[in-house]
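Engineer: Take a look at this one; I'll ask things after.
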Amino acid sequence: MLDKIVLDIETKNSFADVGGKQNLHQLKISLIGVYSYNRDEFLAFEEKESHLFEKFLKEVGVIVGFSICNFDLPIIEKNINYRFDNHIIFDILKEIEEKRGHKIGLNELAQANIGAGKNGNGLEAIELYKEGRIEELKRYCLNDVKITKDLYELILKQDYLIIPSKFHAPVKVKFDWIPLHQTLEEKLKELENKQLAIPSQNSLF
């Protein structure tokens, strides 16, 4: 069956470097981190391995992430000329924004719900790349992947997350993802059938 992955990317440059968020397409990928449910394994793809990541995506049906619809996926599409039209996407931040009307950081959300936080920030990750500290960059990125995975699995367990606030009491945001996942296997089979018409590739591993 097609894989389900949790995804996070790091970039070589920042919004400040490219003149603002309107120039998202100018951001360049330094690293792609994923967790594969089929393999029960964390994987990191460096810039030179982008072709391997593109092959890996052929085995993927579901992508989970935090702000991936407005950040990670558009950047990947631009950098490797790939379209995510045939994937099922679960974006935790997008769901929160639709329900609450505002953003929240991954660190704050994780601390409020799983008692763990990030081990750095995106700007620090850019410096790690520039300084050639790739193994540290991988640890940072894959920690974000793990945090996102833990939040996602908590949603599937209780169907809500606690949203903290500096201005009022924390609130629960209901996701309604549990019913969607009850039919997920059927949807993945449909996606797999669509790919039967596409010439098959050998597994990456």
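The values are calculated or read from the model by the stated rules, or taken from the named source; none is laboratory data. Bear in mind the structure is a predicted one, so any value in this text is a computation, not a measurement. FYI the Cβ positions are ideal-geometry reconstructions off the backbone, even for glycines, and counts take in every protein chain you see.
Engineer: Filter region 1-16 down to the residues that are farther than 27 Å from E59 by Cα and surrounded by fewer than 14 Cβ atoms within 10 Å (Cβ to Cβ) and list them by number.
Structural biologist: Answer for region 1-16, where residues must be farther than 27 Å from E59 by Cα and surrounded by fewer than 14 Cβ atoms within 10 Å (Cβ to Cβ): S14, A16.
Engineer: Taking the stated definitions as given, is Y37 among the hydroxyl-bearing types (S, T, Y) and surrounded by fewer than 17 Cβ atoms within 10 Å (Cβ to Cβ)?
Structural biologist: yes
Engineer: Of all residues being more than 15 Å from the chain's Cα centre (by Cα) and among the basic types (K, R) in region 84-121, which is farthest from I178 (Cα to Cα)? Just the residue, please.
Structural biologist: K103
Engineer: Looking at region 17-32, which of the residues that are without any contact (Cβ under 8 Å) to a residue 12 or more places away in the chain and of a type in the set (D, E, K, R) is surrounded by the fewest Cβ atoms within 10 Å (Cβ to Cβ)?
Structural biologist: K21
Engineer: Quick one: which of K103, K146 is surrounded by fewer than 19 Cβ atoms within 10 Å (Cβ to Cβ) and part of a helix (DSSP H, G or I)?
Structural biologist: Just a single option satisfies the conditions, and that option is K146.
Engineer: I'm checking my understanding of the structure. Among residues of region 61-86 that are crowded, with 21+ Cβ neighbours inside 10 Å and aliphatic (A, V, I, L, M), which one is farthest from I155 (Cα to Cα)?
Structural biologist: I76
Engineer: Still on this structure, I have one more. Every residue in region 59-83 that is assigned to a loop (DSSP other than H, G, I, E, B) and at pLDDT 95 or above, please.
Structural biologist: Result: F66, S67.
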